[in-house]
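Encoded as structure tokens, the structure appears first; notes follow it.
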Amino acid sequence: MKGKLKIAFYTFGCKLNFSEASSISSSFFDCDNYEIVNIYDQADIYVLNSCSVTANAEKKCIELIRRVRRQNSNAFIVVMGCFAQLKPDSIKSQYNVNIVLDNQNKYDLFDIIEKYRTGKEPEINLFDKKEVDFISSYSGSDRTRVFFKIQDGCDYNCSYCIVPKARGRSRSDNIEKTIEKLNVLAENPVKELVLTGVNIGDFGKRHNESFFELLKEISKIDNIQRLRISSIEPDLLEDDIIKLVAESSKIMPHFHIPLQSGSDKVLKEMKRKYDTRLFANKVYKIKELMPLACIAVDVIAGFPTETEDDFKKTVRFLENLPVSYLHVFKFSKRENTIAADMENVCKPYDKKIRSNTLKELSQNKLMAFYELNKCKEYDVLFENKASNGFISGYTPNYLKVKTPYKENLVNQLKKVYLREISDDIKYECDIL
Ligand code: SF4
């Protein structure tokens, strides 16, 4: 096959997946043999970077495979990512996909597609490659915010989670190598860097280093203006990290901590490494040092062994805790996990009701958090797009603000005054 090929990419799932997809696809952007098109356009090649964290994530990927096949029955379709890692045979045989790439082979995507383009049969031996040490990546095209992968895999064994099977053991570069890469990245100034990984608090374990030490070093890079920590396990969120964030003008007072249940019995059955007491202590420590910090909390509704009483404990625990909002997930049964074989005392209807209750609680918490910030002044990093005549941005503590669009605000940090909360839960603000 000769000539320029149209190629479309689509990524499901977490920011880690996005940063990897961005790095993997960058060679195609730099190569004249390819034209990048939208996933919903007619293309010669479709690359789907999948997710497997819930059954719904897999379902969405299957729907997209079918859709792109309908768009072009002759297209060359590649599926990679966690779903591909876990169920390569069924994806290939059931959904008319040309190539499935596991989490090691996906980094060879460009060479594989080049072979296809030049008429050679790409040769892929799934699961032949040993787990690679660590391959870093970062999201590239958006200069407002860069997602930088510092860690991969997970050594925890939470009973509901399939991720360790898809991503392998916990691994990372050492601090020296990570900083080297960040210095190269920061040759073009970065307004905001978000550190991502599967279990980022585990960074450096194989090198006898720590996430805390890494944060201190990244804070010294002048060309990175703001730094955000993505989700971090409560048992790995050391007090030293909280103090460092409180003392730093660069690390944003914004935490994302997975709780999953407010019942200690359920936490044990989930094989989480903390109890509600530890979790509450972390939240109170943050609030003691940074009263206006944003704390987002993950919680699962309807774990198989969660009784009505367990659920009430979760609601009470969260009602009393000064957290800002919740990410609510309905329990999703994943094959080959411990929880998949547990006796299920939570019926689908209860799961739905519990999820809705938690979502309502989240909304109330969010409004209370926004109210707490009324009439405050903050530095806001504005994004790069307009929507309905407005431009949005985020405060350090992750409040979303908006103001009428002006080109000179794009990708800029500006001091603002938070005036009032709009119906779409954003702060209308005045630029100072
Ligand atoms: S910490 Fe638990 S929930 Fe998070 S990726 Fe590891 S096993 Fe999964």
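The values are calculated or read from the model by the stated rules, or taken from the named source; none is laboratory data. Because the structure is predicted, anything quoted here is derived from the model rather than measured. So basically every Cβ, Gly included, is an ideal-geometry build from the backbone, and we count neighbours across all protein chains shown. Note: accessible area is taken over every heavy atom of the protein model, side chains too, but ligands, DNA and RNA are not part of it. Shrake-Rupley method; radii C 1.70, N 1.55, O 1.52, S 1.80 Å.
In segment 218-232, the qualifying residues are those that are among the charged types (D, E, K, R) and open to solvent by less than 30 Å² (accessible area, probe 1.4 Å), and the one that is farthest from His327 (Cα to Cα) is Arg226. Annotation for segment 388-401: at least one member residue is among the β-branched types (Val, Ile, Thr), part of a strand (DSSP E or B) and not assigned by TED's automatic domain parsing to the domain that holds Lys191. Evaluate the following for Glu343: is it open to solvent by 20 Å² or more (accessible area, probe 1.4 Å), in a loop (DSSP other than H, G, I, E, B), among the acidic types (Asp, Glu) and out of contact with any helix residue (DSSP H, G or I) (no Cβ under 9 Å at 6 or more places or on another chain)? It is true that Glu343 is open to solvent by 20 Å² or more (accessible area, probe 1.4 Å), in a loop (DSSP other than H, G, I, E, B), among the acidic types (Asp, Glu) and out of contact with any helix residue (DSSP H, G or I) (no Cβ under 9 Å at 6 or more places or on another chain). Scanning segment 168-227 for residues that are under 30 Å from Leu86 (Cβ atoms) and among the small types (Gly, Ala, Ser) yields Gly168, Ser170, Ser172, Gly197, Gly201, Gly204.
Here's a check for you: in segment 162-178, which residue that is among the aliphatic types (A, V, I, L, M) and within 9 Å of the ligand (Cβ to nearest atom) is least open to solvent (accessible area, probe 1.4 Å)? Among them, the one singled out is Ile162.
The residues in segment 412-428 that are in a strand (DSSP E or B) and under 28 Å from the mean Cα position of the chain (by Cα) can be counted, and the count is 8. Within segment 271-329, being without any contact (Cβ under 8 Å) to a residue 40 or more places away in the chain and open to solvent by less than 20 Å² (accessible area, probe 1.4 Å) holds for one residue alone: Leu326. Scanning segment 123-146 for residues that are open to solvent by less than 40 Å² (accessible area, probe 1.4 Å) and either modelled with pLDDT of 95 or more or closer than 19 Å to Cys82 by Cα (or both) yields Phe134, Ser136, Ser137, Ser139.
Does Asn96 count as out of contact with any His (no Cβ under 8 Å at 6 or more places or on another chain) and at negative phi? Judged against the criteria, Asn96 is not a match. Restricting Ile295, Ile300, Ile286 to those that are within 15 Å of the ligand (Cβ to nearest atom) and out of contact with any Gly (no Cβ under 8 Å at 6 or more places or on another chain) reduces the list to Ile300.
For segment 2-108, give me every one of the helices (runs of 4 or more DSSP H) that falls completely inside it and has 3 or more residues that are crowded, with 21+ Cβ neighbours inside 10 Å. In segment 2-108, 15-29, 55-71, 82-86 are the helices (runs of 4 or more DSSP H) which contain 3 or more residues that are crowded, with 21+ Cβ neighbours inside 10 Å.
Which residue is nearest to the ligand (Cβ to nearest atom), if the candidates are limited to segment 142-161 and must be of a type in the set (D, E, K, R) and more than 16 Å from Ile218 (Cα to Cα)? It comes out as Asp155. Scanning segment 322-365 for residues that are under 20 Å from the mean Cα position of the chain (by Cα) and either among the aromatic types (Phe, Trp, Tyr) or under 24 Å from Ala296 (Cα atoms) (or both) gives Val323, Ser324, Tyr325, Leu326, His327, Val328, Phe329, Lys330, Phe331, Ser332, Lys359, Ser362.
Against the test of being of a type outside the set (Asp, Glu), within 20 Å of the chain's Cα centre (by Cα), open to solvent by less than 30 Å² (accessible area, probe 1.4 Å) and away from the ligand (no atom under 16 Å from the Cβ), the options Leu237, Leu215 yield a single qualifying residue, Leu215. Can you confirm whether Leu381 is within 22 Å of Cys158 (Cβ to Cβ), part of a strand (DSSP E or B), open to solvent by less than 90 Å² (accessible area, probe 1.4 Å) and touching a Lys or Arg at 6+ places or on another chain (Cβ under 9 Å)? In short, no.
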